[in-house]
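Before any comments, here is the structure.
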Amino acid sequence: MSGHDSKYFSTTKKGEIPELKEELNSQYKDKRKDAVKKVIAAMTVGKDVSSLFTDVVNCMQTENLELKKLVYLYLINYAKSQPDLAILAVNTFVKDSQDPNPLIRALAVRTMGCIRVDKITEYLCDPLQRCLKDDDPYVRKTAAICVAKLYDINAELVEDRGFLESVKDLISDNNPMVVANAVAALTEIQDNSIRPVFEITSHTLSKLLTALNECTEWGQVFILDALSRYKAADAREAENIVERVTPRLQHANCAVVLSAVKMILQQMELITSTDVVRNLCKKMAPPLVTLLSAEPEIQYVALRNINLIVQRRPTILAHEIKVFFCKYNDPIYVKMEKLEIMIKLASDRNIDQVLLEFKEYATEVDVDFVRKAVRAIGRCAIKLERAAERCISVLLELIKIKVNYVVQEAIIVIKDIFRRYPNTYESIIATLCESLDTLDEPEAKASMIWIIGEYAERIDNADELLESFLESFPEEPAQVQLQLLTATVKLFLKKPTEGPQQMIQVVLNNATVETDNPDLRDRAYIYWRLLSTDPEAAKDIVLAEKPVISDDSNLLDSSLLDELLANIATLSSVYHKPPETFVTRVKATAQKTEDDEYAEGSEAGYPESSAHSADGPTSPPTSSSNDAHVGATRPAPAPSTSPPAAPVPDLMGDLLGMSNNSIVPVDQPSTTPGPPLPVLLPASTGQGLQISAQLKGQDGQIFYSLLFENNSQIPLDGFMIQFNKNSLGLAAAGPLQVPQLQPGTSVAILLPMVLFQNMSAGPPSSLLQVAVKNNQQPVWYFNDKISLHVFFTEDGRMERGSFLETWRSLPDSNEITKDLPGITVNGVESTLDRLVESNMFFIAKRKHSNQDVFYFSAKIPRGVAFLIELTTVVGTPGVKCAIKTPNPEMAPLFFEAIETLLKS
Amino acid sequence: MAGAASALFLLDIKGRVLVWRDYRGDVSAVQAERFFTKFIEKEGDPQSQDPVVYDNGVSYMFVQHSNVYLMAASRQNCNAASLISFLHSVVNVFKHYFEELEEESLRDNFVVVYELLDEMMDFGYPQYTEAKILSEFIKTDAYRMETSQRPPMAVTNAVSWRSEGINYKKNEVFLDVVESVNILVNTNGQVIRSDVVGALKMRTYLSGMPECKLGLNDRVLLEAQGRTTKGKAIDLEDIKFHQCVRLARFENDRTISFIPPDGAFDLMTYRLSTQVKPLIWVEAQVEKHSRSRVEIMVKARSQFKERSTATNVEIELPVPVDASNPNIRTSMGSASYAPENDALMWKIKSFPGGKEYMLRAEFSLSSITAEEATPERKAPIRVKFEIPYFTVSGIQVRYLKIIEKSGYQALPWVRYITMAGEYELRLI
């Protein structure tokens, strides 16, 4: 069976459109059909054939199913751009939805649901109502999905017209495909609704389990995925459910198997009998192994999931490590994932065989894979104490092959092995030193230098070795410089002779005077001061025994693991990230003709007050009006001119000739009156310690404003703070300095923060996880929110021209819209003042029927700009916010911020 | 947790859109094309790239078939396993329709492609992928009739894989039991992995709606029936069934009962991880006589009973990349140098059990060696073969009962064959 449709692509003469127009209106059926095919061909290659809309729609009333399908396809594509003409099609749709042929009835309702034009949607309701009750299951299954489509366009309409009830009725339909599609539709609607829409009761449960046996493979996946959120009442019910689901493990479709595994794992959490659990684990192993015979892309998904499963239930595949051995022809992405699982399954029992495999991989050609294999050997050494020695000897064998990147990678992991087993394997240092000259990667160099410093007393020529690196100190990357600094200090403390003394002077000089890197400079100053005040104390500190490391680097946090396991088979389980970090719901908005709107906007432009115009990036924003002065500005001067903080002794300045402004003021009690800070750690959880905190921006600097209240019976001291990796890389700029806190007292702190220090990978999230400890209590963890508006910088103002240009240059996919239904803008002036105070700069305003449209610009550090359009009717609730930005993934954070700003 | 695809793209080898179907209006072709062309241009070899990629708010999942990419895009947390399986099913449907799925055939049939994309997926949810049934109501030009078609009952039936009213003069079933032996031997000559993946491949030419029942020498079943199983029964470790098999029934009493699709399909696949002795053993000795000459001596031995014979044996021996001027002698079969694979291919048409054959080859090497030590490509020795009338597992079809209400007699034909799957010996 083969067609010759390609001929329809080849008519690319001039005057094509008029020619097509003529053919579309031909009196001959065949000619019309050919013309429609040509139109679709043109559409396929991306030509705009929307001007033929009326002519194509005229061909819609036909008995020919093929032609009808093509016209429908055309409508799906162009109805949005011709909403007024699309109405012409409605009659035929409605008529088709009552055609005697079920294929045509279904086609009509399916296509109508795909046309996102309000006028069409209104007419969809009646046909949809009929089709949901159609005699033919083919029509009903199509109608079920159509309800989800309609919900996506107009949720209210679905609720008002009672479609939810109709779809719920379909759960009891006698046709399995209808049931499956109804489940898919309801699950999706539930995901987008705040109210409970689709609750699985024990009644629906048994209906769905029955349908499971009869519907298509795809339908089985919908049902299993929906059921995996069902919480069984007790262990017995859970066992019963599992019994009904286990036969699915024998299905040939891998997606069915994975969804069944997900469901079984969920129910297993409730099952108490160890026998049953053991038995289920035994049952799941063979199907999981068989997934590795599927197509490589599916293997990849399976392996990412198995990675999660073995973290929760290591026994399932404990004896199956061999199936994860890499085959020569496995794609590299499969090999990488297999390696990760091999490390997780490695044990004292199988380590010899595993090491033999890793060694084999370490001599392959793909550099990334080789590196990962070498690293894997190191991780096994750290994980399995009894095998460490064997791992090291394999690493040494690999170093002897003298392949440059293998050697470097080996040295990196050997450093970690030393940190895990201090004072055990130094005998191999001599071998490592032989490769010193070949190291050219920063991480490898840094690792080697660390080893030399750490074991300086046992390496006869440690000073020579380090000296060889010192020559190039200024050119080295920061990572290497930091290690060189520390290693030299260690060397000096261990061998305080003339050579090292000279070296340390060179290093300290280099690191303090000749560098711009604040980390390096600060560390150097600290060493310098330590060495000059009390060398013995320096020894105690620098050469102190270090905690032993362990290999938990690749294990997920338990609650995250729970969440990911509930999402087996989905993208979330592939990324190992919770869904909310990457799911972006973007409502498809109609194409705008921005140029016109802006032209209009600038004519009716809002007069800009002169105070807004040319503020330099460093000067604080000056408010043009005095009435709406929200929050107090601090009268204190900018940090750069503030006196040095009290605890820093003068000695240091003298000793190092350091100017005061090179250190950040470590803390200053907040003098800012204002609304109370939100309580993040209530006294009830903190054993009497209450912590309130909020991020604040002041004079271009970010602070974490904290309030500590001690309601316990004992004095608390030794406070420290730590921030987990987060989307903006927020970290404390200095240590937290809280004086001893007597019972019943409180202290407010302004902790200076820096950005982009510890960035978390992945899509942005507003979550900021904070840990605070003191000497008396356990570590407290609490969550805060990153409010983006704190970070809006003063250089976020854009000229109207550049705003327009930027808006146009960004693709439409970078435009994201959100409705803020609960927000009312009352006074325009006061709102604008408030926004400008938060560095959200007004650009222009225009009227659009009864609505006001405002344009703003804002910027966050690293130059990420936001172009903002707010649409609202002043005085009535509801604001529509559209933004365009080169970094659309930041949109969720931005919307949270704008909501806060407008609310306050 | 739910989620569906936003759009489905068929792209050419450079990542340009050939045909696409928008299901949700939230991922545009321009956006997807921009991402994917950059992606494959940047990475060079897309086969080495993760098949699931996140870019700018959209997740892309793709598979490749000849010179075409099939890609699903989603903004939600969709079921990745299901969508990727679906893409593979789409490949199969297109292959059924156009014989070959490639850029050319998609262009030649774009009208049908659109129709199929509309039928196979709705609003991003996979719907129906039974090629045989689809072709009953979506036809290519050559077969199209003017009268409008109706959806076959099968599309929504519990038996979604077979239409009613099929009629054959002669009712026949062909059942091939095909076992693939996967083996991995490490540098020490140890078998570190071996398993057998079996498939029961059926071709049915049966009238009406036949009820079939298949009996295997499955130990669990035979023991449950209280039969003695002296050495004949086998343990099937993991069995996967075609969707026509009633899984709940199998779970209950190990009965394999089904109404088969019409034509060819895989009834079941199974896996055994019992240690098997390598059926064909290959040993190689490499001697570098000088910087410029290398000699390879290879022994191949068949380690199965003499009454069986392996056919179409192909042994792929890796040789150094810079080898040239081959001089090859064999005691059986023919050998040729395939420089494009850096390998020596030794082909033996017929290799009876319990025999040993030799190969000796000499190559010249370029005497210039690189300054820096770079790792040599370490390909394993790979072997392909087929052994008819033989299975490693000892699986036997005890009976295949076919009952149809019209009461016809059907003839089942059963064949057994063993072949090499992933057969790798890291011995060189």
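Here are the numbers for this structure:
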{"read-out": "Cα-based radius of gyration of region A:679-732 once divided by 2.2 N^0.38 Å, which approximates compact folds", "value": "1.32"}
{"read-out": "Region A:259-267 - phi-based ³J(HN,Hα) in whole Hz, Karplus 6.51/-1.76/1.60, Gly and Pro as x", "value": "5, 5, 4, 4, 4, 5, 4, 4, 5"}
{"read-out": "Length released on extending from B:Asn67 to B:Gln303, taking residue separation times 0.36 nm less the Cα-Cα span", "value": "80.9 nm"}
{"read-out": "Over chain A: Kirkwood hydrodynamic radius from C-alpha pairwise inverse distances, Å", "value": "33.3"}
{"read-out": "Table column - 3J(HN,Hα) (Hz), region B:91-101, Karplus curve with 6.51, -1.76, 1.60, x for Gly and Pro", "value": "4, 5, 5, 4, 5, 4, 6, 10, 6, 10, 9"}
{"read-out": "Integer Hz, Karplus 6.51/-1.76/1.60 couplings in order for region A:764-776, x for Gly and Pro", "value": "x, 9, 8, 6, 10, 9, 10, 10, 10, 10, 9, 6, 9"}
{"read-out": "Built amide H within the under 5 Å cut-off of A:Gln698, gap 5+", "value": "A:Phe703"}
{"read-out": "Where labels lie 7 Å past Cα in the beta-carbon direction, separation of B:Ser334 and B:Lys14 in nm", "value": "4.1"}
{"read-out": "A:Thr515-A:Arg312 pseudo-label distance in nm [points 7 Å out on the Cα-to-Cβ vector]", "value": "4.6"}
{"read-out": "Whole-number D in µm² s⁻¹ for chain B, Kirkwood Cα-pair radius fed into Stokes-Einstein, 4 °C, 1.567 mPa s", "value": "51"}
{"read-out": "Count of Lys pairs (Cα-Cα under 25 Å; at least 8 positions apart or interchain) in region A:88-232", "value": "19"}
{"read-out": "Neighbouring partner chain Cβ atoms per residue of B:262-274, average, 10 Å criterion", "value": "2"}
{"read-out": "Cut-off under 5 Å, modelled amide H: who pairs with B:Tyr423 long-range", "value": "B:Ile183, B:Val383"}
{"read-out": "Contour excess over end-to-end distance, with Cα ends at A:Thr745 and A:Asp460 and 0.36 nm allotted per residue", "value": "97.0 nm"}
{"read-out": "Whole-number D in µm²/s for region A:664-786 (Stokes-Einstein; Kirkwood sum over Cα pairs; 20 °C, 1.002 mPa s)", "value": "145"}
{"read-out": "MRE, 222 nm, helices only [DSSP H, n ≥ 4, -39500 (n - 2.57), over the protein assembly as shown, to nearest 500]", "value": "-12000 deg cm²/dmol"}
{"read-out": "Inter-chain shielding of B:192-198 (mean C-beta neighbours from other protein chains, 10 Å cut-off)", "value": "3"}
{"read-out": "Per-peptide average of other Cβ atoms within 10 Å, ordering B:296-308, A:173-185 highest first", "value": "A:173-185, B:296-308"}
{"read-out": "Qualifying lysines (Cα of each under 21 Å from Cα of A:Lys494; at least 8 residues distant if same chain)", "value": "A:Lys415, A:Lys539, A:Lys546"}
{"read-out": "For B:Ala338, residues with placed amide H under 5 Å, excluding near neighbours", "value": "B:Ala343, B:Leu344, B:Met345"}
{"read-out": "Where labels lie 7 Å past Cα in the beta-carbon direction, separation of A:Glu63 and B:Thr187 in nm", "value": "7.6"}
{"read-out": "Descending principal axes extents, region A:26-183, alpha-carbon based, whole Å", "value": "48, 29, 26"}
{"read-out": "Rounded if a/c under 1.5, otherwise prolate or oblate - region A:791-903, Cα gyration tensor axes", "value": "rounded"}
{"read-out": "For region B:7-155, alpha-carbon Rg and Dmax in angstrom", "value": "15.4, 50"}
{"read-out": "Cross-link reach list, lysines versus B:Lys169, counting only Cα pairs under 17 Å and skipping chain neighbours closer than eight places", "value": "B:Lys405"}
{"read-out": "For residues of B:67-80, the mean tally of beta carbons on other chains within 10 Å", "value": "5"}
{"read-out": "Extension gain, A:Lys546 back to A:Arg195 (0.36 nm per residue minus Cα-Cα distance, nm)", "value": "121.1 nm"}
{"read-out": "Tilt relative to chain A, helix A:137-153 - C-alpha long axis, 0 to 90 degrees, to 10", "value": "60"}
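Just so you know, all these numbers are worked out from the coordinates, no wet-lab data involved. All values reported here derive from a predicted model rather than from experimental measurement. Because the Cβ atoms are built from the backbone with ideal geometry, glycine has one as well, and the counts that use them run over all protein chains shown.
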